[in-house]
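The values are calculated or read from the model by the stated rules, or taken from the named source; none is laboratory data. Just so it is clear, the structure is predicted and the values come from calculations on it, not from any experiment. All Cβ positions, glycine included, derive from the backbone under ideal geometry; neighbour counts span all protein chains shown.
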Amino acid sequence: MYWYSKYLSVFEKPVEDVPDSVIREIRKKFEKFESKEDPVASISIIAQNEEDHIISCLWSLADNLCDYPIEFLAIDNHSTDRTGEIMKSSGLKYFYEEKKSIGYARQLGLTHSRGKYHLCIDGDTMYPPHFIQTFIENLKIPGIIAISSFWSFVPDKNHSYTSIKIYDFLRDIHLRILFVKRPELVIRSMTFGFDTKRGKEIGFKTNIKRGEDCSMAMGLKQYGGIKLLTGRKTRVVTCLRTLNSDGSLWKNFYLKTKKALKGFKKYFTEKNEYKDLEDNIIK
């Protein structure tokens with residue numbers, strides 16, 4: 001049995017099919033994290049129209065085992081479904097971001113962050129029980145300014161567990177190689193933690209559709225090292241939305257391999273600045 005099997009009972013299920021007892025359990029478990037002490041870390045959860053995923057995400061976070069005082073921030077990025085309602089029902093500190101942009105949502109969470117460290121969470125992802133604790137412990141290592149970790153996809157009727165594992169294995173090799181010279185390109189904001197003070201000095205880019213995580217990582221590099229966590233304690237599982245957008249699993253792999261080979265120089269050179277492509281700028 002996988003650690004996330006419990007949460008699959010509500011993953012991608014209609015809200016009305018989720019028992020009220022699950023919502024009550026989530027709310028009660030989040031109460032254990034409430035503390036009058038200054039939080040060591042702020043956990044910022046962003047979501048836009050994720051009513052079919054947000055409950056499994058919150059449930060996994062509520063089950064996390066952490067010895068440090070932490071705070072959770074729920075950021076609703078202009079959802080038009082019941083995402084905001086679910087976030088509020090969980091009892092978390094809730095914020096609504098009117099502007100539709102991942103960057104704006106990330107920045108709102110960072111602005112209200114009180115912890116020494118800031119962890120970015122995506123509402124369509126599930127997190128293993130030691131995720132938060134492990135991230136904090138690694139961020140406390142002298143010289144480390146930011147960390148990220150690997151992720152896997154949740155198998156479905158069109159993607160078997162075996163095919164997903166093969167895809168993950170090959171992608172992980174690629175990311176390990178890329179990380180040596182371009183760690184900022186390996187960062188994924190669903191598994192991204194960094195020093196809050198430095199992060200606030202840099203800020204998330206809000207005028208781009210994607211890449212706000214890469215931009216933040218680029219700014220943080222001047223203050224310390226970026227670490228990639230590859231163990232099971234921090235490997236999250238997420239929905240197949242990004243894979244399905246490119247068609248089949250292997251079509252996705254083919255497109256990514258083709259793109260990687262075209263820009264092979266990035267595996268051997270460092271870079272200190274990236275230009276925003278015109279089609280990535282929010283008009």
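Elements of the type strands (runs of 3 or more DSSP E) sitting completely within the stretch 117-165 and holding at least 2 residues that are under 17 Å from residue 3 (Cα atoms): these cover 151-153. Considering the conditions (1) more than 26 Å from residue 269 (Cα to Cα); (2) surrounded by 15 or more Cβ atoms within 10 Å (Cβ to Cβ); (3) in contact (Cβ under 8 Å) with a residue 12 or more places away in the chain, residue 207 is excluded by exactly one of them, (2).
The residue that is nearest to residue 184 (Cα to Cα), among those in the stretch 210-243 that are in a helix (DSSP H, G or I) and either free of Cβ contacts under 8 Å to residues at least 12 places away in the same chain or touching a Pro at 6+ places or on another chain (Cβ under 8 Å) (or both), is 217.
Set side by side, the residues 261, 249 differ, and just one is in contact with a helix residue (DSSP H, G or I) (Cβ under 9 Å, 6 or more places away or on another chain) and closer than 23 Å to residue 168 by Cα, which is 249.
Given the residues 46, 23, 75, which is the only one that is assigned to a helix (DSSP H, G or I), β-branched (Val, Ile, Thr) and in contact with a Ser or Thr (Cβ under 9 Å, 6 or more places away or on another chain)? Of 46, 23, 75, the one residue that is assigned to a helix (DSSP H, G or I), β-branched (Val, Ile, Thr) and in contact with a Ser or Thr (Cβ under 9 Å, 6 or more places away or on another chain) is 23. Of all residues in the stretch 59-72, those satisfying the criterion of being outside any helix (DSSP H, G or I) and either under 18 Å from residue 109 (Cα atoms) or touching an Asp or Glu at 6+ places or on another chain (Cβ under 7 Å) (or both) are 69, 70, 71, 72. All conditions but one from (1) hydroxyl-bearing (Ser, Thr, Tyr); (2) surrounded by 13 or more Cβ atoms within 10 Å (Cβ to Cβ); (3) modelled with pLDDT of 75 or more apply to residue 248; the one that does not is (3). In the condition set (1) over 18 Å from residue 225 (Cβ atoms); (2) buried (at least 19 other Cβ atoms within 10 Å of the Cβ); (3) of a type in the set (Val, Ile, Thr); (4) without any contact (Cβ under 8 Å) to a residue 60 or more places away in the chain, residue 162 is compliant with all but (2).
Does residue 56 count as small (Gly, Ala, Ser), surrounded by fewer than 16 Cβ atoms within 10 Å (Cβ to Cβ) and either assigned to a loop (DSSP other than H, G, I, E, B) or at pLDDT 95 or above (or both)? Working first, answer last.
Working: small (Gly, Ala, Ser): yes; surrounded by fewer than 16 Cβ atoms within 10 Å (Cβ to Cβ): no; either assigned to a loop (DSSP other than H, G, I, E, B) or at pLDDT 95 or above (or both): yes.
Against the criterion (small (Gly, Ala, Ser), surrounded by fewer than 16 Cβ atoms within 10 Å (Cβ to Cβ) and either assigned to a loop (DSSP other than H, G, I, E, B) or at pLDDT 95 or above (or both)), residue 56 does not qualify.
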